[in-house]
Every structure is written in structure tokens, then in C-alpha cells.
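Q: Take this structure first; my questions come after.
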Amino acid sequence: MEKTLKEKTAKGLLWGSLNNTFMQLMGLVFGIILGRLLSPSDYGMMAMIVIFSAIAGNIQDSGFKAALINQKEIRHEDYNSVFWFNVVTSLCIYAILFFCAPLIALYYRTPELIPLCRYSFIGFVFASLNIAQSSYLAHELRFEEMAKGGMTAITISSITGAVMAFLGCGYWSLATQSILFIGINAMMSWYYSPWRPTFEFSFAPIKRMFPFSVKMLITTIFNSINNNVLNIILGRYYSKHDVGNYYQGNQWNTKGYTLVQGTIGNVAQPVLASVKEDNNRQVRVFSKMIRFTALISFPLMFGLALVADEFIVITITSKWIASAALMKILCIGGAFVPIANTFSNLIVSKGKSNIFMWCTMSISIAQIAFMVILSGYGIRTMVMGFTCLTILSTLLWQYFAHRLTGYNIMRLFKDIAPFILASAGTMISTYYITHEITNIYLLLISRIIIAATIYCAIMKIARVKIFDECVSFILQKIHTEK
């Protein structure tokens, strides 16, 4: 059983890594294309309304996906009830938001948002068609199919968005890209999942899962607020251009930590839930997940901060240079996001949705209050405050994880400190080695190669076990494929 779980986890991590690497590479390529074709104001328009789409998506999901995954045995009526409940709920919420679009535009003092809102919110209706299907694939640990669906969706939607931007569609290209990604992802889940809904509906499964799912719902809403709190406040007090610069910088930060978080995020909850009856085993599995996450997250995000100026100027031109300064700060906090997310998956796997809810709400309230206080001191100060709170939130998640499993703060430091120190030392060394280089292209390439070489050398010399295991697993897979 141990070997089976290990193999499934490894396969899930492999496919999760391939999926997220592909998606982030596509995001990189088409993010560059769109960044060159669109203006900061175009991105600012989308930044203002992204929170509403996120919350609407949370409501139509209602936390039932996590509730389904957490069950040991799932019957057809469970999937069926969740499917129809989400479809009906999403249609009702879309109707409400359709008529609330003028109020959203009034808050931001931007009338152009009315048609954009009504168009963009179609996406979460499509998302409701994917809740039961994606839950089935995740519960059955069918990560390969999930990865293929995601890769297909990102390819088609990105190409469409780029073509529309080239044709001068402005922010409509960003909205269409988002809608297509959601819709195609849902279609692919239907293609790979054998489960199909029937016209029989029972409220019994909904009532049974509701105590857990409603807490997950509240949690995910506040989590969406956490992720978009600066968009909400900046959109109110600053220009579309300023909001667009922040959104662009945060977009690259998000792409970076999503590459790590997505690799392990789809695997973490199902795997941790499968071993929740054996606490010692679950802690061992979790500790290894934390080390794997830290191994990738800190060098990637600290490295992204190191090359932010060169990367922005080379890829999307100097018109976005203001976003590079914000991106550097955001990437420091972004390195801790996958760690905090892994902690939250551990708490959910224990069925403690109430702790998950209160922890997320506390972080959200603190962020909103802090950002409002700092709103008069400029965007840079607000971003610095946001980053500090992001790092501190990891300790809050650890506190509750310790209460549930015994995973204490010393073990956390033992698991992540070596990677933080190695990554920080690598980037500082690389900066001083390369700071005399004046050619911006040579500077970017040199920093990437030197930083990667130094970090891998440190891992090899220090004989870091998780690094050796990852290298061995990849080499074994390559040999097997041959």
C-alpha cells in the first residue's frame, strides 16, 4: 500500500509538474505577446473585476469539490446532486451579477466596466459544469487526464486571446481568453471522466456535505479577497494605468508560484486525505511535501525577483518598467505562498474546514485593514505591507497544523530554512558576479545560468536528500521512456 501511494503521488507530482510547466510556459509566451500588444489600462480594466469573477466562482463551487474529494466512497447521487446544485446556483448568481454590473462600474467610476462584467461573468457558468467531473478525476487520482485537459485549454484560449489582441480588441481579448480556458477545461473533464449526470435529484447528499462545504465556501471567498485585495483598493483610489502596472507585476509573480503550487496542489489534498487515519504517516508525507515545495519555490521566486528588470524590459518592453519594481517585492512573498497552501491542504484533509475558514478570514481581515491604512502612502508601500503579511500568514497556518498533527515550528524551519538560505545566498552571489554586465540580454542569460548552477551545486554538495530523489526519479522516467 505504501508503494502504491508513493507511486501514485510521484505520478501525480510528475503530471502536475508537466501540466503546470506547460501552462506557465504558455502563459509566459502569450503573456509577453499580450503585454506588448495591450496597454496598462487594458490590464487595469480586468484587474478591477477579477475579484467578482473569483467570488462568483467560489459561490457556484460552494466547497462541494473539496467535500467530494474528502469522502472515502462516493455514490452516483453524490456527484449528481452536486452537479445540478452548482448549475442552478451559477445561473442564478449570473443573473444577479448581470443586473449589478452598473454598481460595480459606479464603485470604480468606470462606465466601460458594465458590458465587460456581463461578458466576463459567463465564465463561471461554464465552470459549474466542471465541478463534479473534475472532482471525479481528482478523487480517482487521475492526474494525467487532468493535466492533458489543462494543457489543451491553455493552448486554445491563449492563441485566441493573442489573435484578438492583435486585431485591436483590447481588454476584450483578456476576457475571452479567460472564458475559453474555463469552458474548454470543462469540456476536457467531460471527455476524460466516465461519470454522467442523470435527471434524478436529491437534496440528501447536499445536506450531508453542507456543514463542511459551507465553511469551505466562506474560506474560498475570503481567499479570493486575500489574493485580490490590492486590486480592489487600488482600483478605487488609483488610475487604471497604475492598477495595470501592479496587475502586470503580480501576474508574473502569480505565474511563478502557481508553477510550484499547481504542481503539488492537485496532489496534496487527495494524498493527505488517503493517509489521514495514520497521523504519523501523514506527517511524514506532509513533511516531504513541504521540503519538495521549498526545494522549487524559493530558488524560482527569489530568482524571478533577481531578474525582474531585465525580464520585463526584454519581454514586454520598457513601458512596463514600473511593474518590475513591484514584481521584485511580490516575488519574495510569493515564495511562501505554496508553503502556506500545502498547510491549508493538510488542514482540509483532516476535515477541519472550520479551522481553514477562520484562519483564512483572519488573514483576509488583517490584509484589508492594513491595506486601507497604507493606501495613502503609495502603491510601493502597500505592496511591501502585503508581502510581509503573506510571509507571516505561513506561521499562522503552521500553528493550526501543529495543533492537529504535532508538526511543530522547529520542524518547519528544519524543512524550509536550508532552501531559503541556499536560495538567498545563490541570488546575492549571482547579483555581485553579474552586476558589471551592461548588455541586458547577456545579463539575463548569465544570471539564470549562474544562479541555477550555484543552487544545484549547493544541493549536490550538501547531499540534500529530496533533491537527489527528484533527480533520480526524473532520470528513471527518462530511461523508462527510452
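Q: How big is D, in µm² s⁻¹, for the chain by Stokes-Einstein at 20 °C and 1.002 mPa s if Rh is the Kirkwood radius over C-alpha pairs? Spell out each step's value before the answer.
A: Values: Rh = 23.2 Å.
This corresponds to a translational diffusion coefficient of 92 µm²/s.
Q: Using just the alpha carbons, could you tell me how many Å³ per residue the convex hull of region 283-378 encloses? Show your work: numbers first, answer last.
A: Numbers: hull volume 10.8 nm³, N = 96.
Each residue corresponds to 112 Å³ of Cα convex hull volume.
Q: What whole number of Å gives the distance from the Cα centroid of region 369-412 to the Cα centroid of region 66-137?
A: Using only Cα atoms, the two centres lie 29 Å from each other.
Q: Give, in nm to one decimal, the length gained when the segment between Ser239 and Arg75 is fully stretched (0.36 nm per residue of separation minus the Cα-Cα distance). Intermediate values should be presented prior to the final figure.
A: Working: separation 164, 0.36 × 164 = 59.04 nm, distance 5.10 nm.
Between Ser239 and Arg75, full extension yields an extra 53.9 nm.
Q: Along Cα→Cβ, 7 Å out, is where each label goes; now give me the distance between the ones at Asn439 and Val372 in nm to one decimal.
A: 5.3 nm
Q: On the principal axes of its Cα set, how long, how wide and how thick is region 335-482? Give whole Å, largest value first.
A: Rounded to whole Å, the extents work out to 46, 46, 30 Å.
Q: Which of Lys65/Lys350; Lys65/Lys215; Lys148/Lys288; Lys255/Lys350 have a Cα-Cα distance over 18 Å?
A: Details: Lys65/Lys350 15 Å; Lys65/Lys215 12 Å; Lys148/Lys288 26 Å; Lys255/Lys350 29 Å.
Long pairs (Cα-Cα over 18 Å): Lys148/Lys288; Lys255/Lys350.
Coordinate-derived values only; no laboratory data. Just so it is clear, the model here is predicted, and its values are computed rather than measured. With ideal geometry, Cβ positions are generated from the backbone for all residues, glycine too; neighbour counts draw on all protein chains shown.
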